[in-house]
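The values are calculated or read from the model by the stated rules, or taken from the named source; none is laboratory data. Owing to the predicted nature of the structure, the values given are computational and were not obtained by experimental measurement. A quick note on method: Cβ atoms are made from the backbone with ideal geometry, for glycine too, and the neighbour counts reach across all protein chains shown.
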Amino acid sequence: MIPPSIKLTKAALTLDDGAVFEGFSVGEIAEAEGEVVFITAMSGYQEVLTDPSYHGQIVVFTTAHVGNYGTHPEVDQAPVAHAAGAVFHELWLPPVKHWLNDKDLPNYMAGRQLAGLTGVDTRALTLHLRDKGARNGYIGPLDQGLEKARAKARAVAPMIGRDLAKEVSCPEPYSLPPLVLDWSPKETIPVAVIDFGVKKSILDDLRRENLELTVFPADATRQDIESLKPKGIFLTNGPGDPAACPYAAELAREYLGRLPLFGICLGHQIMALAAGAETYKLPFGHHGLNHPVQDSRTGRIWLTSQNHGFCVSPHKLPSNVRASHWNINDDTVEGLEWTDKPAFCVQFHPEASPGPHDACGLFKRFRKLLEDFYA
Amino acid sequence: MPRRTDLETIMIFGSGPIIIGQACEFDYSATQGCKALKEENYRLILLNSNPATVMTDPEFSDRTYVEPMTAEVAADVAVKENVQAILPTLGGQTALNLAMDLFLKKYLPPDVVMIGSTPEVIEIAESRQRFRETMTNLGLEVPVSDLANTVDEATAIAQKTGFPAIVRPSYTLGGTGGGVAYNLDELTELAWRGLTASPVHQILVEESLIGWKEMELEMIRDLDDNAIIVCGIENVDPMGVHTGDSVTVAPIQTLTDVEYQSMRDDALKVARAVGLNGGCNIQFAINPETGRRVVIEMNPRVSRSSALASKATGFPIARVASKLAVGYTLGELKNGITGKSACFEPALDYCVVKAPRFNFEKFAGSSPVLGLEMKAVGETMALGGNFREALQKALRGLEIGQVGLGSFPPPGGPNLSDEERLELVKEKLVQPLPERLSDVYHALKLGLAAEEAAHLTGLDPWFIDQIRLIIEAEKMASGPLADLIAKGEKPSAEMWRHLKAQGLSDLRLAVLVSESGKAPEANQELISSLRLEAGVIPYFRQVDTCAGEFEAGTPYYYSSFDSPVSPSEESRPPADKKRVMILGGGPNRIGQGIEFDYCCVKASQAFAAMGFETIMVNSNPETVSTDYDAVGRLYFEPVTLEDVLAVCRKEKPDGVVVQLGGQTPLNLAMALRAHGVPIWGTDPASIFRAENRRDWSALVEKLGLRQPPSGMARDAETAKSIAARIGYPVMVRPSFVLGGRAMCVIYNEHDLSEYVAQFISQGLELGADLGDERLILVDKFLEGAVEVDVDAVADGNQVVIAAIMEHIEQAGIHSGDSCCSIPPITLPLSVLEGIRSQTRKLGLELGVKGLMNIQFAVTKDNEIYVLEANPRASRTAPFVAKATGCPIIEVAAKVMAGQTLQETGFVSEPRRDYVAVKEAVLPWSRFKGASVTLGPEMRSTGEVMGVDKNFGIAFLKSQIAAGMNYPQLGNVVLTVCDADKGALRPLASRLAEMGYFLLATKGTAEFLEKEASLKPVVLNKLRSIKPNIVDYLSSNPVQFVVNTTIGQKADEDSVLIRAEAIKRGIPLITTMAGLNAAVTGLLALKELTAKNEVDEKSQPESTRKHSPFDVTPLQDYHLPAHDTKI
């Protein structure tokens, strides 16, 4: 609801199938376009909006209230807000005062050129996306006319076939020293990170394992990487269609078996492609903090943070790759491991941020994989 | 792991009588647990002393024992039924404590296992010391604290914690006996009280966390270490108010993901360390300044909050916990709503607010300040599209006259300036009072800065801002909306939508518009019709556990104005079925509680069996009737006219049942009918006729029945003249109330004037706007008469009595507070026949279709007076059903659906060869300072039943079940008023013969010495030489106390004597009738014990019973073999 004391412009989210969801514009930018996805998380809005995996997407928050606790610089997953736009049922608009508070969310969005829409019937929108599948959409002022808005929504480039990783990857390689905590392993191991749009939390979790990171752009070549003599390769999360970055799968293929490999999300999909498996687009993806994933070996179930629209098909897995994790809601593949090579990868986000920490032990598993490989 | 196959028979413990802190949420949990285990084909044995529950309906378990919940009885049942496992986690603290007692006393064969929570798990979670150690080992913070076994130890610990310091007794329920001490004096007193309250005489003295954020996580873990958080609940009231007394919200609103996930990690660690298998509740406190988080407590069982969490999310915690207890893991179970895995964490796209219901007004003398000890007697929950909508729905569902957050008047009289009033409100804000949110509302309206409001109350700024938004919306109502209405113009749909989405009820909007002075004539009717004209109706959203991510088929709905469109989840009732809607009773309160939930649930089942689609409307999260799995289509809504009509418009029911939910739906009957809603059962006009004093008197007269002479008064003069005409003592009461609210026996003119003055000045919070009906009824009080309750079913042409109940206490004590027996014990056959014939006459004259309850009084010379008739389900209906085996609710449902009694097969009064005694349980210990007397105003929170072949034993079982254990030897203190001394003589002699040691105050002792040749030890009266009687009680073992007074007003001495007995947990008898029954019971027990001793000599030790009583399940009692021929 918009209190009468605050004057906001009426705006709407128009989908490429013509559906319109009205609301009020927030933030300094009035327009946005992208694939519209919903996330069922009840906390962690700031992490979501800065996650590079949401690059090019308009994120719909299903939770009733967003912005209640303001924003905090330390939880940003990237220096900029990557989501194309944000749609809220009710964004808290008044000034915020909170013990950790830096800025309130509307101001934060304004400062990051993020378009927002509040006062939207997000439940209706979510049910629409659930039933019709993820769609492209356009946020813009209401006064321009419906047809114009629909045309803009239809003009948004489809997610299938889009290589967005290149857009969000780092332009130049850079290094990050380990973050050694009292429990961190003693020996420092150099690892190359192929950046398809990495979240800060992933880098932090790797660094806490006493890994010295060199982060390379998505299209880095083997020569670039070899020059640093890394002992392991990590493939990051990121936005877009994995099939649209064959160069990345090519690179991964070269290292499979040569160095220990670990991939998360898009990195997982790329490793699957490298092994000869296939990926496909899910109807409306997995975006939330409550996805149950079962370890097929132990039977243990983790509640995981997820954010992906594409998925690895279980049907064309080569014989040396087994599905190690399954989503028990829809029986999709959530993790792979190589039976003959030091490599594994997961579709979900063990770094959480936001989300439950059930799977955080996977970073230790990578560390162990490295140690065992060189033992 | 799949279901355990090594177990066949499982015993479940219920939670016993409803008490503050342990209400019908455990009926919900255990009923769900019974269903879940039945599905798995286990043989279920249930032990619960509370006959008002759904779970004790014989269909929910194979063997249902309504017997006292003592370790001895439980052991006997377990052995008799060859129980292999005990599931103690569904029946609250009572069940957990009983299981531990059973375990520690080693009564059970060694191969009987505890499932759900093992003794080890319970021990770690419940022992403060071990819990603390466990937390510290995990690296989690706990408040600075230590255990004390003496007051001196407590004061030493307070040196470390500083003041304020918290005192928590070990092993007590709902924080009984705990409190906050701000100085050494208070600490000394609290420590002493806490040590007394604790069954192990131990307290924890703890650093105060007052003002910190209070969070609860409801979690489930299986033995494979899979764990989920079903729901996070945030207390709007910060630490310092018991969570049962706090307004709470789900999901958690003011924690960052970092804070939330790190708290979640801690919860998982705790559950793992404790070894949890099933559901638990973990409470945390978070310092809002520093973010420091401490673990407060963990309950290794389903809890009040887990019931709330289940309703709030749609995730059935008790069901899943029960399945885990018999071997399943989370991954093997499905979420019934989505068909996906049950191993997930529900996502909410709405807000859920719970608000507590208090009954302070019934306990004059006790202070309405909230603290660590729970005081709420019930609660409502509401779901809304946003926090404000949910909050205001919850508040109006409480039925305390608060139709919106702002509808209580500001504190202070009418003559205060705004500045003075603001100062007053600010003073109030510092204290945790029940009306705190209302006070914040007024403070902000008076200009208090949001920041200061947050500072004074400890509420998160976000909550304060939500209240500000409600104020803004109200300004729109009294401004632009009122302007339009005054001008006769139509407000736009957008404006209506906006206002309604803030949770403003039509009634509240009417008040705002009317009070603006612009359109003074505005009323609810006008507002509703203008709104409907604009096409603004609520949208019914589905509770789906997943924020819309997956399709859900469960018909569990809530209304919201906040999201107007979503055609894909329209609730579509099946077209081929007739629909019957049942209105529930709203929040529990004294006088209207679990009994009506039982009625609603049983009726829903009966209607469903007849082929109807049932629709339930209720707002009480503790109930079985709000379990989407127990009813056809559930609408979780406040039971108010506006909300019910909205559901009616949506569902278009063929019939609406108002006679099962207590007074709440009954109060809506006339208005619903006026809106064209088809009411099933007794005509609302008949209901009105029975409730309206004038019509009722005329009716009784017409039938030629006797009623106490009476009159109606609107002022003191009339009241006095009526009293003079009919003679004192008189019984006075306001019309249209349940539970005898403000009912009083008055002996003289002075007290009468006082009563009337109070009635007029305060007004009364009635459930509905009754205008002219605000009258005082003055009846002749029939002193010494025996009261009789009759429950019957009628179909318009025939009346069949289900049971006649004789009250043990004489007239003047509310029927809900008095002990009663089926069948009657002392009434002659001629009187019973008279009662039967009068019941039939009344039922036919009132045209009752369905249930009715009539109260009679029988004077000493056997004259029958009819006191009142209620053409609705009574509080005693479930007791009658359990005691007689007669399914009266099902019969009534069939009658309401159009069958005749002949067709239902219920044509004659059931007569059984055993006795069932119902006893009330009273919450004295929670309301310090309140006078401990039974009277016409109901104060009990719950009830128990004792059943046996013999009245004495049945009575004694009921007393033990109610927590009053009468040892067979020991000291008895007698202090009775002159009028009762004659009756005391034979009873005192009996006690002496049985070997009790008698003590008495001077007057009583002299009488007994003279008249009965007894020589009681004389105790000094209060205010004479010390040690006096209270000193004696406080420092000597006393097995029970008998104290009676003239009329219902306890004199000052009695107040202190009774308070001391309550404090010490000494059984207290306040009537001669009660003593008579107790003596009868003790004599019967003596006989039984003697017989058992003879029997046991011939038996091996291993098969010997632990309890002197025989235990029998209801299924056996209800067999035709127990019918008696008349």
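State which residue is farthest from A:Glu334 (Cα to Cα) when the search covers only the stretch A:222-250 and only residues that are surrounded by fewer than 17 Cβ atoms within 10 Å (Cβ to Cβ) and of a type in the set (S, T, N, Q).
So, considering only residues that are surrounded by fewer than 17 Cβ atoms within 10 Å (Cβ to Cβ) and of a type in the set (S, T, N, Q), the one farthest from A:Glu334 (Cα to Cα) is A:Ser227.
Of all residues in the stretch B:371-386, which are away from chain A (no Cβ under 14 Å) and either at positive phi or not β-branched (Val, Ile, Thr) (or both)?
Within the stretch B:371-386, the subset away from chain A (no Cβ under 14 Å) is B:371-381.
Across the stretch B:371-386, the qualifying residues are B:Gly371, B:Leu372, B:Glu373, B:Met374, B:Lys375, B:Ala376, B:Gly378, B:Glu379, B:Met381.
So which residues in the stretch B:256-315 are crowded, with 21+ Cβ neighbours inside 10 Å, in a loop (DSSP other than H, G, I, E, B) and away from chain A (no Cβ under 13 Å), if there are any at all?
B:Leu276, B:Asn277, B:Pro300, B:Arg301, B:Val302, B:Ser303, B:Gly314
Test B:Leu187 against the stated conditions and say whether it is within 28 Å of B:Ile1062 (Cβ to Cβ), surrounded by fewer than 24 Cβ atoms within 10 Å (Cβ to Cβ), among the hydrophobic types (A, V, I, L, M, F, W, C) and away from every other protein chain (no Cβ under 14 Å). Break it down stepwise before answering.
Values: within 28 Å of B:Ile1062 (Cβ to Cβ): yes; surrounded by fewer than 24 Cβ atoms within 10 Å (Cβ to Cβ): no; among the hydrophobic types (A, V, I, L, M, F, W, C): yes; away from every other protein chain (no Cβ under 14 Å): yes.
The answer is no for B:Leu187.
From B:Leu1075, B:Leu1056, grab the single residue that is without any contact (Cβ under 8 Å) to a residue 40 or more places away in the chain and either surrounded by fewer than 16 Cβ atoms within 10 Å (Cβ to Cβ) or not basic (Lys, Arg) (or both). First the steps, then the outcome.
Numbers: B:Leu1075 fails: without any contact (Cβ under 8 Å) to a residue 40 or more places away in the chain.
Answer to the check: B:Leu1056.
Going through the stretch A:247-258 one residue at a time, which ones are closer than 23 Å to A:Tyr54 by Cβ and either in contact with an Asp or Glu (Cβ under 7 Å, 6 or more places away or on another chain) or free of Cβ contacts under 8 Å to residues at least 12 places away in the same chain (or both)?
A:Tyr247
Scan the stretch A:296-304 and give yes if some residue there is aromatic (Phe, Trp, Tyr), within 24 Å of B:Ser341 (Cα to Cα), assigned by TED's automatic domain parsing to the domain that holds A:Ile189 and more than 14 Å from the chain's Cα centre (by Cα), otherwise no. Break it down stepwise before answering.
Of all residues in the stretch A:296-304, those aromatic (Phe, Trp, Tyr) come to A:302.
Right, trim to within 24 Å of B:Ser341 (Cα to Cα) and you get A:302.
Remaining after also requiring assigned by TED's automatic domain parsing to the domain that holds A:Ile189: A:302.
With the extra rule that they be more than 14 Å from the chain's Cα centre (by Cα), the set shrinks to A:302.
Yes, because at least one residue in the stretch A:296-304 is aromatic (Phe, Trp, Tyr), within 24 Å of B:Ser341 (Cα to Cα), assigned by TED's automatic domain parsing to the domain that holds A:Ile189 and more than 14 Å from the chain's Cα centre (by Cα).
Return the residues of the stretch B:780-811 that are buried (at least 23 other Cβ atoms within 10 Å of the Cβ) and part of a loop (DSSP other than H, G, I, E, B); say none if nothing qualifies.
B:Phe781, B:Ala811
Kindly list the number of the only condition in (1) under 28 Å from B:Thr900 (Cα atoms); (2) in contact with a Leu (Cβ under 9 Å, 6 or more places away or on another chain) that fails for B:Gly711.
Only one criterion in (1) under 28 Å from B:Thr900 (Cα atoms); (2) in contact with a Leu (Cβ under 9 Å, 6 or more places away or on another chain) is unmet by B:Gly711, namely (1).
Out of the stretch B:314-336, which residues are without any contact (Cβ under 8 Å) to a residue 24 or more places away in the chain and touching a strand residue (DSSP E or B) at 6+ places or on another chain (Cβ under 7 Å)?
B:Lys334
Rundown of residues vs (1) in contact (Cβ under 8 Å) with a residue 24 or more places away in the chain; (2) away from every other protein chain (no Cβ under 14 Å); (3) within 27 Å of B:Gly503 (Cβ to Cβ), yes/no style:
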site	(1), (2), (3)
B:Thr338	yes, no, no
B:Cys343	yes, no, no
B:Phe360	yes, yes, yes
B:Arg388	yes, no, yes
B:Leu391	yes, no, yes
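Can you pull out every residue in the stretch B:481-503 that is more than 33 Å from the chain's Cα centre (by Cα) and at the interface with chain A (Cβ under 9 Å from one of its Cβ atoms)?
To start, the set of residues in the stretch B:481-503 that are more than 33 Å from the chain's Cα centre (by Cα) comprises B:481-499.
Answer for the stretch B:481-503, where residues must be more than 33 Å from the chain's Cα centre (by Cα) and at the interface with chain A (Cβ under 9 Å from one of its Cβ atoms): just B:His498.
Give the residues of the stretch B:370-389 that are of a type outside the set (Val, Ile, Thr) and under 25 Å from B:Gln663 (Cβ atoms), sorted by residue number.
Kept after step one, since they are of a type outside the set (Val, Ile, Thr), are these residues of the stretch B:370-389: B:370-376, B:378-379, B:381-389.
Hits for the stretch B:370-389 are B:Met374, B:Lys375, B:Ala376, B:Gly378, B:Glu379, B:Met381, B:Ala382, B:Leu383.
Considering only residues that are more than 34 Å from the chain's Cα centre (by Cα) and not hydroxyl-bearing (Ser, Thr, Tyr), which ones fall in the stretch B:126-143?
First, pick out the residues of the stretch B:126-143 that are more than 34 Å from the chain's Cα centre (by Cα): B:133-134, B:136-141.
Those that are more than 34 Å from the chain's Cα centre (by Cα) and not hydroxyl-bearing (Ser, Thr, Tyr): B:Glu133, B:Asn137, B:Leu138, B:Gly139, B:Leu140, B:Glu141.
How many residues does the stretch B:389-420 hold that are crowded, with 16+ Cβ neighbours inside 10 Å and of a type outside the set (Gly, Ala, Ser)?
So the count comes out to 15.
Of all residues in the stretch A:138-183, how many are out of contact with any helix residue (DSSP H, G or I) (no Cβ under 7 Å at 6 or more places or on another chain), assigned to a strand (DSSP E or B), at pLDDT 95 or above and not β-branched (Val, Ile, Thr)?
Selection size over the stretch A:138-183: 2.
What number of residues in the stretch B:433-480 are more than 14 Å from chain A (Cβ to nearest Cβ), under 24 Å from B:Leu499 (Cβ atoms) and of a type outside the set (A, V, I, L, M)?
Residues that pass the stated criteria total 7.
Taking the stretch A:284-314 on its own, how many of its residues are away from chain B (no Cβ under 11 Å) and in contact (Cβ under 8 Å) with a residue 60 or more places away in the chain?
4
Looking at the stretch A:251-302, which of the residues that are in a strand (DSSP E or B) and small (Gly, Ala, Ser) is surrounded by the most Cβ atoms within 10 Å (Cβ to Cβ)?
To start, the set of residues in the stretch A:251-302 that are in a strand (DSSP E or B) comprises A:256, A:259, A:261-264, A:279-295, A:301-302.
From what is left, the residues that are small (Gly, Ala, Ser) are A:263, A:285, A:288.
Values: A:Gly263: 29, A:Gly285: 22, A:Gly288: 25.
Ranking the qualifying residues of the stretch A:251-302, first place goes to A:Gly263.
Of the conditions (1) surrounded by fewer than 18 Cβ atoms within 10 Å (Cβ to Cβ); (2) within 13 Å of chain A (Cβ to nearest Cβ); (3) without any contact (Cβ under 8 Å) to a residue 24 or more places away in the chain, B:Pro520 clears all except one; give me its number.
Unmet for B:Pro520, out of (1) surrounded by fewer than 18 Cβ atoms within 10 Å (Cβ to Cβ); (2) within 13 Å of chain A (Cβ to nearest Cβ); (3) without any contact (Cβ under 8 Å) to a residue 24 or more places away in the chain: (2).
Test A:Ala84 against the criterion of being more than 9 Å from chain B (Cβ to nearest Cβ), closer than 20 Å to A:Ala157 by Cβ and crowded, with 24+ Cβ neighbours inside 10 Å, and give yes or no.
On the way: more than 9 Å from chain B (Cβ to nearest Cβ): yes; closer than 20 Å to A:Ala157 by Cβ: yes; crowded, with 24+ Cβ neighbours inside 10 Å: yes.
Judged against the criteria, A:Ala84 is a match.
Got a sec? Which of B:Ile888, B:Ile864 is under 24 Å from the mean Cα position of the chain (by Cα) and at pLDDT 95 or above?
Numbers: B:Ile864 fails: under 24 Å from the mean Cα position of the chain (by Cα).
Unique residue meeting the criteria: B:Ile888.
Among the candidates B:Val241, B:Val249, single out the residue that is within 14 Å of chain A (Cβ to nearest Cβ), of a type outside the set (Ser, Thr, Tyr), closer than 19 Å to B:Leu437 by Cβ and buried (at least 24 other Cβ atoms within 10 Å of the Cβ).
Working: B:Val241 fails: within 14 Å of chain A (Cβ to nearest Cβ).
Sole residue among the options that is within 14 Å of chain A (Cβ to nearest Cβ), of a type outside the set (Ser, Thr, Tyr), closer than 19 Å to B:Leu437 by Cβ and buried (at least 24 other Cβ atoms within 10 Å of the Cβ): B:Val249.
Can you find, within the stretch A:320-375, the residue that is nearest to the chain's Cα centre (by Cα) among those that are of a type in the set (Phe, Trp, Tyr) and in a helix (DSSP H, G or I)?
At the first step, the residues of the stretch A:320-375 found to be of a type in the set (Phe, Trp, Tyr) are A:326, A:338, A:344, A:348, A:363, A:366, A:373-374.
Filter again for in a helix (DSSP H, G or I), leaving A:363, A:366, A:373-374.
Working: A:Phe363: 17, A:Phe366: 20, A:Phe373: 29, A:Tyr374: 31 Å.
Out of the qualifying residues, it is A:Phe363.
Across the stretch A:35-67, what is the number of residues that are more than 11 Å from chain B (Cβ to nearest Cβ), assigned to a helix (DSSP H, G or I) and not hydroxyl-bearing (Ser, Thr, Tyr)?
Let us first name the residues in the stretch A:35-67 that are more than 11 Å from chain B (Cβ to nearest Cβ), namely A:35-37, A:49-59.
Subsequent filtering for residues that are assigned to a helix (DSSP H, G or I) retains A:49-50, A:52-54.
Narrowing the set further to residues that are not hydroxyl-bearing (Ser, Thr, Tyr) leaves A:49, A:52.
Number of matching residues: 2.
Return the residue satisfying two criteria in turn: it lies in the stretch B:553-571 and is more than 17 Å from B:Arg388 (Cα to Cα) and at the interface with chain A (Cβ under 7 Å from one of its Cβ atoms), and of such residues it is modelled with the highest pLDDT.
Keep residues of the stretch B:553-571 that are more than 17 Å from B:Arg388 (Cα to Cα), which gives B:553-557, B:565-571.
Still in the list and also at the interface with chain A (Cβ under 7 Å from one of its Cβ atoms): B:565-566, B:568-569.
Working: B:Val565: 55, B:Ser566: 56, B:Ser568: 54, B:Glu569: 61.
Result: B:Glu569.
When you scan the stretch A:260-315, how many residues do you find that are under 15 Å from A:Gly240 (Cα atoms) and among the basic types (Lys, Arg)?
Qualifying residue count for the region: 1.
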